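Reviewing the structure listed below.
The values are calculated or read from the model by the stated rules, or taken from the named source; none is laboratory data. Quick caveat: nothing in here was measured; it's all calculated off a predicted structure. FYI the Cβ positions are ideal-geometry reconstructions off the backbone, even for glycines, and counts take in every protein chain you see.
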Amino acid sequence: MSINCINRESLEEFIKANLKESRYRHSMGVEEMAVRLARLHGADVEKAAFAGRYHDLAKNFDAETMDAYIRKYGLSDELIGNNALAHSKVGAAILENEFGVTDQEILDSVRYHTTARKNMTLLDELIFVADVVEDNRTYSDLEYYQDLAYRDLDRACLEILEYTIGDLTSKGRVIDKDTLEARDWVLNKIKETENGK
Ligand code: DGI
Ligand code: FE
Ligand code: FE
């Protein structure tokens, strides 16, 4: 393992201790899917595996633990009480500060795995998509999204973002600025690629 990580064994223990069984299974599923997508789309397989496996390490923290980490690492107050947005930012901070992960691409792919962002790296897109299309997910269109992810990562990203934005809108929830910027960015990227053909 060439990825910098102070103690891989204690990181393994950390996720086993902190994730519910189904969330642990999901994490293994994201690792497997991230590896598959990395091979198909020419990304770094080792980084994809690592980011996929640990992306949700903070997901099952109780609210107090999450808030304590938000303060400890000086993250935005807006994350307080918001597990959906906080777990990715806190997860990246823990990997960096408590497990000595120095690879910025890995840290960013974990940090932005929930919202996505503009100017996503290949690894960002891969983890964002793998999270949604891993084999343990149970929604009815899973096969459609998996097939799309294998063929066209940008388009998979776009369709997932549009679905998420529509879903959050219908529930009257606030959509993160990064999510909206990601949708505009990937839509434009797809258009430019098509114009270049
Ligand atoms: O952690 P997972 O369940 O594997 O997946 P995830 O990290 O993508 O989290 C999904 C949750 O995040 C889901 O409840 C929708 C929510 N979410 C995604 N984008 C936004 C968001 N919530 C808000 N409020 N705003 C967003 O932009
Ligand atoms: Fe997550
Ligand atoms: Fe996840």
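Observations on the structure shown:
- Hey, Gly74 modelled with pLDDT of 95 or more and more than 16 Å from ligand 2 (Cβ to nearest atom) or not: yes
- Where helices (runs of 4 or more DSSP H) sit wholly within region 79-197, those with at least 2 residues that are free of Cβ contacts under 8 Å to residues at least 24 places away in the same chain and either surrounded by fewer than 13 Cβ atoms within 10 Å (Cβ to Cβ) or of a type outside the set (Phe, Trp, Tyr) (or both) occupy 83-98, 104-111, 142-151, 153-170, 177-196.
- Qualifying positions in region 107-145 - within 24 Å of Leu187 (Cα to Cα) and among the β-branched types (Val, Ile, Thr): Val110, Thr114, Thr115, Thr121, Ile127, Val129, Val132, Val133
- Total residues in region 155-172, condition within 24 Å of His87 (Cα to Cα) and more than 16 Å from ligand 2 (Cβ to nearest atom): 10
- Inside region 37-65, residues that are part of a helix (DSSP H, G or I), more than 16 Å from ligand 3 (Cβ to nearest atom) and of a type in the set (D, E, K, R) make up a count of 4.
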